[in-house]
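The values are calculated or read from the model by the stated rules, or taken from the named source; none is laboratory data. Because the structure is a prediction, the values reported are computed rather than measured. Glycine also receives a Cβ, built like all others from the backbone with ideal geometry; neighbour counts cover every protein chain displayed.
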């Protein structure tokens, strides 16, 4: 999926996770072999993530330039390793699937080095949608549209508190109970409602 103004960017964590699953599929004794294929791949991913940790807090331009200098050679090494090991693995084995996935998704997985504003993975986005996935089962018990609206409103307020590093219970306790007050209170006065701000 790509268009003039939309480019698909892959998630390196998904590729890494497949190698982690391949490691877990091995017998316990084989997992200890530090030179195994899954272990080797996971070390390569760890180096990429270590660089991203170092680049955190830098400007977009600095991150972009450092990725070209430091991450790109590691990515090239990972790709070469995958290509070299592709024929050495059974197609249906966990390690074979991990290698094939990485090769098949390579272009989208490596797009993050083309722009310092793109993340190496979408873990942050997945963390934000996790409550919705969990809540989906709970929302089945909203018996009326009005109950669903009330549930959605409360959920939105709780997530707003979490996103702003506020304690959700205190946020709800101090929120105005009259919706008509929203937008009429000055920001300084509004902030005084919330403990810890």
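For this structure, a couple of remarks:
- When 195, 179, 168, 131 are checked against the criterion of being at pLDDT below 80 and surrounded by 12 or more Cβ atoms within 10 Å (Cβ to Cβ), a single residue qualifies: 131.
- Matching residues in the stretch 22-41 - criterion: being under 14 Å from residue 95 (Cβ atoms) and surrounded by fewer than 17 Cβ atoms within 10 Å (Cβ to Cβ): 24, 25, 27, 30, 31, 33, 35, 36, 40
Listed here are the residues, each with its yes/no results for (1) touching a strand residue (DSSP E or B) at 6+ places or on another chain (Cβ under 6 Å); (2) surrounded by 11 or more Cβ atoms within 10 Å (Cβ to Cβ); (3) without any contact (Cβ under 8 Å) to a residue 40 or more places away in the chain; (4) over 22 Å from residue 19 (Cβ atoms).
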| position | (1), (2), (3), (4) |
| --- | --- |
| 52 | no, yes, no, no |
| 57 | no, no, yes, yes |
| 61 | no, no, no, yes |
| 78 | no, yes, yes, no |
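- Meets criteria (surrounded by 17 or more Cβ atoms within 10 Å (Cβ to Cβ) and under 20 Å from residue 126 (Cβ atoms)) for residue 101: yes
- Residue within the stretch 50-68 that is in contact with a helix residue (DSSP H, G or I) (Cβ under 7 Å, 6 or more places away or on another chain) and closer than 22 Å to residue 25 by Cβ present: no
- Condition check for residue 113: buried (at least 18 other Cβ atoms within 10 Å of the Cβ), within 20 Å of residue 10 (Cβ to Cβ), out of contact with any strand residue (DSSP E or B) (no Cβ under 6 Å at 6 or more places or on another chain) and touching a residue at least 24 places away in the same chain (Cβ under 8 Å): yes
- Boolean, residue 15 is modelled with pLDDT of 95 or more, within 19 Å of the chain's Cα centre (by Cα), exposed (fewer than 12 other Cβ atoms within 10 Å of the Cβ) and in a helix (DSSP H, G or I): no
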